[in-house]
Number of protein chains: 2
Amino acid sequence: ILMSLYCNRISYLFINFALGSRYVSKTATKSVSEFEYDAPSMKTAVPGPKSQELLRQLGEIQNVGAVHFFCNYEESRGNYLVDVDGNRMLDVYTQISSIPIGYNHPALMKVMTNPNNVSTFVNRPALGILPPENFPDKLIESLLSIAPSGMRRVQTMACGSCSNENAFKTMFIWYRNKERGYANPSEQEVDTCMINQSPGCPDLSILSFMGAFHGRTLGCLATTHSKAIHKLDIPSFDWPIAPFPKLQYPLEEFVRENAQEEARCLEEVEDLIVKWRQKGKPVAGIVIEPIQAEGGDNHASPDFFSKLRNIARKHGCAFHVDEVQTGGGTTGKFWGHEHWGLDDPADVVSFSKKLLTGGYYHRDELKPDKPYRIFNTWMGDPSKNLFLSEVLNVIRRENLLEVVTRSGKALLQGLYTLQTQYPHILSRARGQGTFCAIDACNDATRDSIMIKARNKGLFMGSCGEKTIRFRPALVFKEYHVHQLLNILNDVLAEHK
Amino acid sequence: ILMSLYCNRISYLFINFALGSRYVSKTATKSVSEFEYDAPSMKTAVPGPKSQELLRQLGEIQNVGAVHFFCNYEESRGNYLVDVDGNRMLDVYTQISSIPIGYNHPALMKVMTNPNNVSTFVNRPALGILPPENFPDKLIESLLSIAPSGMRRVQTMACGSCSNENAFKTMFIWYRNKERGYANPSEQEVDTCMINQSPGCPDLSILSFMGAFHGRTLGCLATTHSKAIHKLDIPSFDWPIAPFPKLQYPLEEFVRENAQEEARCLEEVEDLIVKWRQKGKPVAGIVIEPIQAEGGDNHASPDFFSKLRNIARKHGCAFHVDEVQTGGGTTGKFWGHEHWGLDDPADVVSFSKKLLTGGYYHRDELKPDKPYRIFNTWMGDPSKNLFLSEVLNVIRRENLLEVVTRSGKALLQGLYTLQTQYPHILSRARGQGTFCAIDACNDATRDSIMIKARNKGLFMGSCGEKTIRFRPALVFKEYHVHQLLNILNDVLAEHK
């Protein structure tokens, strides 16, 4: 078992980065972590022969069209993912943004070797009926210690989709209770709900945005509008879909144009709320990501979100901020919505991925009025809460939000430089913290850059039509930024 | 860490059970497991003072109306659940039927202490894009080793609801591909699906049964019809709902009446399929539980399921058997549908709970034609597969399916005796393996019996309107059956 010291205080000097030059470290005291590797190390093209053989085997069991390669997680460390062919890559996609503090972090290994924790892994409880003794304490020390402004209630769930599904249900229940004046449901409501008919199953809707991604189960999927392949052939709900602002980047250079675009979208939101109310399908809630991720890393301004929040309040809709991808520190604040600077940013905030457990916070007003309305067998997994507590300790101890802010600035600055250097290939660099992205001129070029970079030891993600997304772990330092930029620069220099 | 021997070869003699008499063991060689406890042991009424204080604390964070008491999982063993007030109860509900081989089974503790497994817990992969090296092997040794007849493909998911949601999606995709002759989707389909409209999001339906429970996310919930509280206020789909046979028990005494009732329901199924096709909402799949669990432990005959399977085939609908609660050995066979004796029992079989991971098997014809159609971040959790492999080893080594069959016979026989003894209170005893149930005369009586039994150290579950359900672990022996029946008998004797 790996228990070497995790060194988090490496400082590298950014010396010189101009056309064609390289990032180099000049610090004499390069106390490289004994825990992490130094750099990528490539033995084969990716996927290598072992991955290809395993792909064939798994292909007998599942569709493997989305599999990049097979991993050796035992040998992976920190920011470096090792594959079964012995290739070691700098990983800035981190399992679709779900590895918070890198691979095999010693603090998480310790959770596993602590005998007091064994029972939590071995006996997964039905949390809604038989919680463990330490459950309130664990919630307080983990999820409630990072609760969004104004929220003291949290419900854990197993994954991001279940979190959003249940957040939607919470909003529907709240909305209908309001509508019926908190009276008991009528006999007709009780009877009709059993056969999927209104008024028991009312024609309520959730307003979502074009380009949004909120998950793939049927409720979530009705609010997801990022790619056709996610939605094709699946029945859906007739719910309103507003345009998400298409902003120009860098944001600070297009303030006026972007404000106009945001105003246009907000106007459309209000129109849709009125229209759907008239259609008899009132909007119970509005759901939005602080940055649209899967849809192509689309940003909007704090002013946009603030006004949207006000529109929700004005029309009596709940305001649900989906932080499944933006939450957990990757934007430089723990929650993406903290950048808006509002005291009262949301009614519901859902999470998963870097939080290791799914779930959602909600304001007191939205608490379910009766048991078994928001319920399932497991209601989350306390073993994930154990890991989360330790992740939060590491984030605090190692000041990882500051690390993210610093690395994010270096990364975005580097992307700006690259797009200046390769304007025919790259554009629209954007980001918050290390939650960064850049567009290629088309999808084929994007895909080709990603494959070439992978073969040089840099593993990135894609999103939208032609976007490269960067989703490193919170332990991604400036040193790693420089590795990333050097590899990307090499790939672009070779690109025809 | 507990590592004592788990003794599984205790034989007890069933001596004498008549009115007022008690089950006693006369075996001289009572080699009681060093691992498990002997019997319940009660210190307070349940919930005790410590549970009540924790309830108050958790109530600040969540609705706790469904919480029975708080547990000390460290001290729980085998069939005995210990609460925070030191009460030790014989648990025949097992976390809503999700603890396969009892609490703190030594074989599962070993999984935790094996250093080779640490990385699997600490680095949860995005299985759909970056599976671990041993993933195909682990699937083969765990889930595929117990694959239902005719199925070689399996997709893991995080929970029961996600399993069913994705199983539904798999059926919709398969159905539409069939309809369009496996051609590429039209431009119109691609465009309309992005805005939730047909033909891209087609008006397809899933046929379900009254009394069914398939989960609580919006897709699943549209096929769930067990209790109003699950469905009230949540928008739904206009999908067909067939009557589930209301059989008389014991089944063997009402063969003719039950066959008539099943024929009536099957006729209705065909009518609904035709009607919904005419409505423009064709039935892509039929979903059914081998025994309706949450809806009140409603059984149907192998003949019913066989004919239903044929109806599905005749009308071109996929046939989805939801084994989330019936799977994992509790009926005496690994899958509930094995009791039907069909070579070709289903197109899709979903699971969760006792399997520790969610997921579903499907026939080759239903494999997704493209990547990313059935997808999410985690696609299950390999750490749960580790536990499942060990559970399957224990089931084989300890012949637990035989144990279940034997205990189940003793339990059902005991329930028959009790309902003969207390005909004004109990009726309709029924079961398969240890998946048993009995009805009280009304819900208040049922609830009162359950609370009294709990205070004597027997923790049972409820379902339907007035049913007590028994869902012990697979390590529930005849010895435990006798304890259960003795306590229940005491409660009934005291009941006014």
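When the residues of segment A:142-156 are narrowed to those that are part of a loop (DSSP other than H, G, I, E, B) and small (Gly, Ala, Ser), which ends up least open to solvent (accessible area, probe 1.4 Å)?
A:Ser142
State whether one or more residues within segment A:384-391 are charged (D, E, K, R), assigned to a helix (DSSP H, G or I) and within 13 Å of A:Leu127 (Cβ to Cβ).
There is at least one residue in segment A:384-391 that is charged (D, E, K, R), assigned to a helix (DSSP H, G or I) and within 13 Å of A:Leu127 (Cβ to Cβ).
Within the group B:Lys456, B:Lys466, B:Lys477, B:Lys452, which residue is touching a residue at least 24 places away in the same chain (Cβ under 8 Å), more than 30 Å from B:Leu127 (Cβ to Cβ), in contact with a Ser or Thr (Cβ under 7 Å, 6 or more places away or on another chain) and among the charged types (D, E, K, R)?
Among B:Lys456, B:Lys466, B:Lys477, B:Lys452, only B:Lys477 is touching a residue at least 24 places away in the same chain (Cβ under 8 Å), more than 30 Å from B:Leu127 (Cβ to Cβ), in contact with a Ser or Thr (Cβ under 7 Å, 6 or more places away or on another chain) and among the charged types (D, E, K, R).
Can you pull out the residues in segment A:221-234 that are facing chain B (nearest Cβ under 8 Å), buried (at least 17 other Cβ atoms within 10 Å of the Cβ) and either outside any loop (DSSP other than H, G, I, E, B) or without any contact (Cβ under 8 Å) to a residue 24 or more places away in the chain (or both)?
If the condition is that a residue be facing chain B (nearest Cβ under 8 Å), buried (at least 17 other Cβ atoms within 10 Å of the Cβ) and either outside any loop (DSSP other than H, G, I, E, B) or without any contact (Cβ under 8 Å) to a residue 24 or more places away in the chain (or both), then A:Ala222, A:His230, A:Lys231, A:Leu232, A:Asp233, A:Ile234 are the ones that fit.
Step by step: first the residues of segment A:208-249, then only those that are farther than 26 Å from A:Phe304 by Cα and among the charged types (D, E, K, R), then the one that is farthest from the chain's Cα centre (by Cα). Which residue is that? Steps first, answer last, please.
Of all residues in segment A:208-249, those farther than 26 Å from A:Phe304 by Cα come to A:216-218, A:228-237.
Subset that is among the charged types (D, E, K, R): A:216, A:231, A:233.
Details: A:Arg216: 14, A:Lys231: 20, A:Asp233: 26 Å.
Applying the filter and picking the extreme gives A:Asp233.
Given the structure, is A:Phe304 at pLDDT 95 or above, in contact with a Pro (Cβ under 9 Å, 6 or more places away or on another chain) and not β-branched (Val, Ile, Thr)?
Yes.
Taking segment B:101-153, which residues are touching a helix residue (DSSP H, G or I) at 6+ places or on another chain (Cβ under 7 Å), more than 23 Å from A:Val67 (Cβ to Cβ) and free of Cβ contacts under 8 Å to residues at least 40 places away in the same chain?
Answer for segment B:101-153, where residues must be touching a helix residue (DSSP H, G or I) at 6+ places or on another chain (Cβ under 7 Å), more than 23 Å from A:Val67 (Cβ to Cβ) and free of Cβ contacts under 8 Å to residues at least 40 places away in the same chain: B:Met112, B:Val118.
Spot the failing condition for A:Ser462; the list is (1) within 20 Å of A:Gly296 (Cα to Cα); (2) within 13 Å of chain B (Cβ to nearest Cβ); (3) more than 23 Å from the chain's Cα centre (by Cα), and only one is missed.
With (1) within 20 Å of A:Gly296 (Cα to Cα); (2) within 13 Å of chain B (Cβ to nearest Cβ); (3) more than 23 Å from the chain's Cα centre (by Cα) applied to A:Ser462, the lone miss is (3).
Yes or no, residue by residue, for (1) closer than 18 Å to A:Ala126 by Cα; (2) in contact with a strand residue (DSSP E or B) (Cβ under 7 Å, 6 or more places away or on another chain); (3) not charged (D, E, K, R):
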position: B:Glu36; (1), (2), (3): no, yes, no
position: B:Glu60; (1), (2), (3): no, no, no
position: B:Asn63; (1), (2), (3): yes, no, yes
position: B:Ala66; (1), (2), (3): yes, no, yes
position: B:Gln95; (1), (2), (3): yes, no, yes
position: B:Asn104; (1), (2), (3): yes, yes, yes
position: B:Met109; (1), (2), (3): no, no, yes
position: B:Asn114; (1), (2), (3): no, no, yes
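Does segment A:122-141 include one or more residues that are out of contact with any Phe, Trp or Tyr (no Cβ under 7 Å at 6 or more places or on another chain), open to solvent by 10 Å² or more (accessible area, probe 1.4 Å) and at the interface with another protein chain (Cβ under 7 Å from one of its Cβ atoms)?
yes
Run down A:Lys370, A:Lys307 and say which single residue is of a type in the set (D, E, K, R), surrounded by fewer than 24 Cβ atoms within 10 Å (Cβ to Cβ) and in contact with a helix residue (DSSP H, G or I) (Cβ under 6 Å, 6 or more places away or on another chain).
On the way: A:Lys370 fails: in contact with a helix residue (DSSP H, G or I) (Cβ under 6 Å, 6 or more places away or on another chain).
When all the criteria are applied, what remains is A:Lys307.
Hey, any hits in segment A:150-172 for a residue that's touching a Pro at 6+ places or on another chain (Cβ under 6 Å) and at the interface with another protein chain (Cβ under 8 Å from one of its Cβ atoms)?
No, segment A:150-172 contains no residue that is touching a Pro at 6+ places or on another chain (Cβ under 6 Å) and at the interface with another protein chain (Cβ under 8 Å from one of its Cβ atoms).
Among the residues of segment B:94-127, how many are outside any helix (DSSP H, G or I), hydroxyl-bearing (Ser, Thr, Tyr) and under 17 Å from B:Glu74 (Cβ atoms)?
Looking only at that region, the number is 1.
Given the structure, is B:Lys281 more than 8 Å from chain A (Cβ to nearest Cβ) and either touching a Ser or Thr at 6+ places or on another chain (Cβ under 7 Å) or not hydroxyl-bearing (Ser, Thr, Tyr) (or both)?
Yes, satisfied.
Scan segment A:40-55 residue by residue and report those that are buried (at least 19 other Cβ atoms within 10 Å of the Cβ) and farther than 17 Å from B:Ile129 by Cβ.
A:Pro40
Residue by residue through segment A:187-210, note down the ones that are open to solvent by 10 Å² or more (accessible area, probe 1.4 Å), more than 8 Å from chain B (Cβ to nearest Cβ) and out of contact with any helix residue (DSSP H, G or I) (no Cβ under 9 Å at 6 or more places or on another chain).
A:Glu187, A:Gln188, A:Thr192 - these are the residues of segment A:187-210 that are open to solvent by 10 Å² or more (accessible area, probe 1.4 Å), more than 8 Å from chain B (Cβ to nearest Cβ) and out of contact with any helix residue (DSSP H, G or I) (no Cβ under 9 Å at 6 or more places or on another chain).
Can you confirm whether segment B:387-407 contains a residue that is at pLDDT 95 or above, open to solvent by less than 10 Å² (accessible area, probe 1.4 Å) and under 30 Å from B:Cys441 (Cα atoms)?
yes
What number of residues within segment B:63-79 satisfy the criterion of being at the interface with another protein chain (Cβ under 7 Å from one of its Cβ atoms) and of a type in the set (A, V, I, L, M)?
Adding up the residues that qualify gives 2.
Could you list all residues from segment A:88-98 that are touching a helix residue (DSSP H, G or I) at 6+ places or on another chain (Cβ under 9 Å) and more than 7 Å from chain B (Cβ to nearest Cβ)?
A:Met89, A:Leu90, A:Val92, A:Thr94, A:Ser97
How about segment A:435-458: which of its residues are hydrophobic (A, V, I, L, M, F, W, C) and more than 13 Å from A:Asn489 (Cα to Cα)?
Residues satisfying the conditions are A:Phe435, A:Cys436, A:Ala437, A:Ile438, A:Ala440, A:Cys441, A:Ala444, A:Ile451.
For segment B:238-256, how many residues meet the condition of being in contact with a Cys (Cβ under 9 Å, 6 or more places away or on another chain), surrounded by fewer than 24 Cβ atoms within 10 Å (Cβ to Cβ) and among the hydrophobic types (A, V, I, L, M, F, W, C)?
1
In segment A:316-355, which residues are under 16 Å from A:His299 (Cα atoms) and in a strand (DSSP E or B)?
Residues satisfying the conditions are A:Val321, A:Asp322.
Determine, yes or no, whether A:Ile286 is part of a loop (DSSP other than H, G, I, E, B) and buried (at least 22 other Cβ atoms within 10 Å of the Cβ).
So A:Ile286 fails the test.
Filter segment A:56-93 for residues that are of a type outside the set (Phe, Trp, Tyr), open to solvent by less than 30 Å² (accessible area, probe 1.4 Å), without any contact (Cβ under 8 Å) to a residue 24 or more places away in the chain and not in a strand (DSSP E or B) and give the result.
A:Leu58, A:Gly59, A:Ile61, A:Gln62, A:Ala66, A:Val67 - these are the residues of segment A:56-93 that are of a type outside the set (Phe, Trp, Tyr), open to solvent by less than 30 Å² (accessible area, probe 1.4 Å), without any contact (Cβ under 8 Å) to a residue 24 or more places away in the chain and not in a strand (DSSP E or B).
Picking from B:Asn166, B:Asn177, which residue would you name as being over 27 Å from the mean Cα position of the chain (by Cα) and farther than 18 Å from B:Pro235 by Cα?
B:Asn177
If a residue must be of a type in the set (A, V, I, L, M) and either within 14 Å of chain A (Cβ to nearest Cβ) or closer than 26 Å to B:Gly414 by Cα (or both), how many such residues does segment B:241-278 contain?
Going through segment B:241-278 one residue at a time, the tally reaches 6.
The values are calculated or read from the model by the stated rules, or taken from the named source; none is laboratory data. Bear in mind that the values here come from a model prediction, so they are computed numbers and not experimental data. Glycine also receives a Cβ, built like all others from the backbone with ideal geometry; neighbour counts cover every protein chain displayed. Note: accessible area is taken over every heavy atom of the protein model, side chains too, but ligands, DNA and RNA are not part of it. Shrake-Rupley method; radii C 1.70, N 1.55, O 1.52, S 1.80 Å.
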